[in-house]
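Every read-out reported here was derived from the displayed coordinates using simple, explicitly stated rules and does not represent laboratory data. Since we're looking at a predicted model, the values are computed, not measured. Cβ sites come from the backbone with ideal geometry, for glycine too, and all protein chains shown count toward neighbours.
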Amino acid sequence: MRTLIAILFTCLSILPVSALAGSGDDMAPAQAYRLTLDFITMQEAESLVGQEGVYFYDVNTLELWAEGFIPGAVHFFVEDWKSLLPEDKDAHLIFYCANRLCNASEIAAYSVMKLGYTHVRQMPDGIFGWRMSGRPTEQP
C-alpha cells in the first residue's frame with residue numbers, strides 16, 4: 001500500500017501544475033452556448049392568430065392534432081418539418097404542443113432557432129390550455 005501511495009505522489013509531482021488546475025487559465029464564468037427560448041402567453045398568441053407573417057406550429061401527435069388546433073396552425077410533428085418553415089428567417093414562428101408537461105414544442109423551437117430563425121416563440125400552455133380557456137380551434 002505504501003508503495004502504491006509513493007508511486008501516486010511521484011506521478012502527480014511530475015505533472016505540470018497547470019494540468020492539475022484547469023490548464024492555468026484565469027477563473028471565469030463558462031460561456032453560455034444554449035439559445036434562449038422566448039415564451040408567449042395565450043393572450044399574446046391569440047392576438048397574433050391570422051396575422052400576416054405569423055406562423056403557428058402544432059407539435060402534437062396526429063391524433064391530438066385531429067381533435068383541434070389553433071386556427072391556421074400547421075401540424076409540425078412530421079419528418080420533413082424543414083419544408084414547413086417560411087423562407088423569411090425574420091418571420092414570427094410560434095410553437096406549442098399539449099401542455100406545460102410536454103417539451104416537444106421546446107425541442108422544435110430550439111431546432112428552428114439553430115437554423116437561424118430570429119423570432120421564435122413557444123407557448124407553454126399548449127393546446128390543452130388553449131381549449132380550456134375557451135379559445136377557438138379548427139379541425140382538419
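Each Cα pair under 8 Å and six or more residues apart adds its separation to the average, and for region 29-140 the resulting relative contact order is 34 percent. With the charge dipole of region 38-132 set up from +1 on Lys and Arg Cβ and -1 on Asp and Glu Cβ about the Cα centre, the Cα lying farthest toward the positive end among the listed residues 126, 74, 53 is that of 126. Protection proxy ranking, highest mean first, for peptides 43-52, 103-112, 90-99: 90-99, 103-112, 43-52, where packing is the per-residue count of other beta-carbon atoms within 10 Å, averaged.
Give me the net charge of residue 123's neighbourhood, meaning all other residues with Cβ under 13 Å from the Cβ of residue 123; Lys, Arg count +1, Asp, Glu -1. List each step's numbers first, then the result.
Values: positive: 100, 121, 131, 135; negative: 38, 44, 46, 58, 106, 125.
Here the count lands on -2.
Given Cβ point charges of +1 (Lys, Arg) and -1 (Asp, Glu) and nothing else, what value in debye, to the nearest 20, does the dipole of region 38-132 about its Cα centre take? In debye, rounded to 20, region 38-132 gives about 200.
Tell me the net charge near residue 47. Cut-off is 13 Å between Cβ atoms, residue 47 excluded, with +1 for each Lys or Arg and -1 for each Asp or Glu. Result for the local shell: 0.
What translational diffusion coefficient, to the nearest whole µm²/s, does region 77-135 have by Stokes-Einstein, given a Kirkwood radius computed over alpha-carbon pairs, a temperature of 4 °C and 1.567 mPa s viscosity?
Working: Rh = 12.1 Å.
Result for D is 107 µm²/s.
From least to most packed, judged by other beta carbons within 10 angstrom and beginning with the fewest, 74, 120 follow the order 74, 120.
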